[in-house]
């Protein structure tokens, strides 16, 4: 009887998890490192304080959070950002704050962060595509920054813009979206204590594919509202442009609050699947305002949320 | 050049359909294995659904290319066209099953999705058109229907291919290049047929 082929390879012959994880982290952190940010707090872990706004749900694994992203600046595939974002230079980084503010200007990121206490905020993230994650963000409230630059009384909305740098963001070489990526919030939404400017996750500096070095996190809205790699914040009087809303206003409203009762025209928003459950993961019901209704429902009192979706 | 084509043609003509069936069903098991072992990423359900649908669409394009290929190069894959066609049905059926049982899961939602969501309506219509084609892809049916009626029935292939290509374009959130290329290929392969038919009539 002929000898049967026997597999003498084991899982231990595959690149060890620690090695590939550290390789990915190295790639994610390469931008920060390459620029010589030795003094950056990220390398040794960022000191944070816990927050009462954190959920007690278990966060997704780092590999899931950094390996499954929508960040069209780096390509439309879910794994494109992890593959391509290492090219992004995140230091130096400055954010232009302008419009209806008392102290407009171009602020270096280090100056923005100086003197701030960073918090760990473990938030649910609900993508408009009906999947979700739980992410342990590191950041501070947007209101802190807005208070510091002085919002003038006539301001009613906040407008944000992502970096445009096609040399480092290969997705921007194609007109997939109308670059720059832009987003907006009503001023009361922007000032809400849940609204975060995040600079890291899992106690480390923000991986590039997740929107380094600074991004918005609005946990009660679909993920695309949480604009990444921000270079401009403007206080404005009229409702600003928002990229996905411009792309397809019927599918993506300006508010885009998580709402299980208002379907996306192409799929139901009534349920979602948490990333990480494998091939047989069950769907779970989506919660109104992604479960943050107690905190934010008051912002929309009297509004028809089917109309202002 | 003609010599090379002739030799390729000589080999192609002799590919046994059974080999196509055996080799053709295997990628589905490979995709399933990848999905179970993390090879399809952290969201394997959507990935598996997508891989099966895309592979079905790619095979569909190969099926549509069989006639033009013979016309322009003399290479004939007619002996294995039925096998390729049935494999299209196999992959699109698996794609549908993954959508039903792993993706949507909620039966009350499925019917609503089929009626309310145009890209699902279109995809489903394409699948429904494939059913009579798959059922009659055997010698007995050709005899029973008669060659002329059988050929007329199998023109549904063209409509199903267009529906599949459009479904693929509509799934993406933005206008993306790759799905447009697939749809473009389908339309070109169908347009080539229109031209021959006209030339055929004129001659």
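Quick notes on this one:
- Summarising the overall dimensions of region A:164-226 from its C-alpha atoms, the Rg and Dmax are 13.4, 36 angstrom.
- Estimated distance in nm for a label pair at residue A:248 and residue B:158, the labels positioned 7 Å out from Cα along Cα-to-Cβ: 3.0 nm
- Convex hull (Cα only) mean projected area of chain B, reported in nm² to one decimal: 14.3 nm²
- The stretch between residue A:96 and residue A:154, if pulled fully straight at 0.36 nm per residue, gains 18.9 nm over its current Cα-Cα span.
- Order of A:294, A:178, A:188, A:263 - criterion: other Cβ atoms within 10 Å of each residue's Cβ, fewest first: A:294, A:178, A:188, A:263
- Here B:192, B:86 are placed in order of increasing Cβ neighbour count within 10 Å, fewest first, which gives B:192, B:86.
- Entry note, chain B: the mean residue ellipticity at 222 nm calculated from DSSP H runs of n ≥ 4, each adding -39500 (n - 2.57), is -27000 deg cm²/dmol after division by the residues and rounding to the nearest 500.
- Angle between chain B longest axis and helix B:107-116 axis [Cα atoms, degrees, rounded to 10]: 50 degrees
- To the nearest ten degrees, helix A:17-34 and the longest principal axis of the Cα atoms of chain A are 40 degrees apart.
- Entry note, chain A: the mean residue ellipticity at 222 nm calculated from DSSP H runs of n ≥ 4, each adding -39500 (n - 2.57), is -4500 deg cm²/dmol after division by the residues and rounding to the nearest 500.
- Within 10 Å of each Cβ in A:260-268, the average number of Cβ atoms from other chains: 4
- The Kirkwood hydrodynamic radius of region B:1-83, based on inverse pair distances between different Cα atoms, is 14.6 Å.
- Among A:229-242, A:201-214, the peptide with the highest mean count of other Cβ atoms within 10 Å heads the list, and the full ranking is A:201-214, A:229-242.
- Cα pair distances exceeding 29 angstrom across region A:11-300, given as percent: 30 percent
- Cα-based shape type of region A:244-309, given that a ≥ b ≥ c are square roots of the gyration tensor eigenvalues and the cut on a/c is 1.5: oblate
- Inter-part distance where region A:92-118 and region B:74-90 are each reduced to a Cα centre, Å: 63 Å
- The share of C-alpha pairs in the protein assembly as shown whose separation exceeds 38 Å stands at 38 percent.
- For A:192, B:154, the sequence from fewest to most other C-beta atoms within 10 Å is B:154, A:192.
- The C-alpha atoms of chain B define a longest principal axis, and helix B:78-97 lies at about 10 degrees to it.
No lab work stands behind these numbers, since they all come straight from the coordinates. Quick caveat: nothing in here was measured; it's all calculated off a predicted structure. Reconstructed Cβ throughout: ideal geometry from the backbone, glycine too, with neighbour counts over all protein chains shown.
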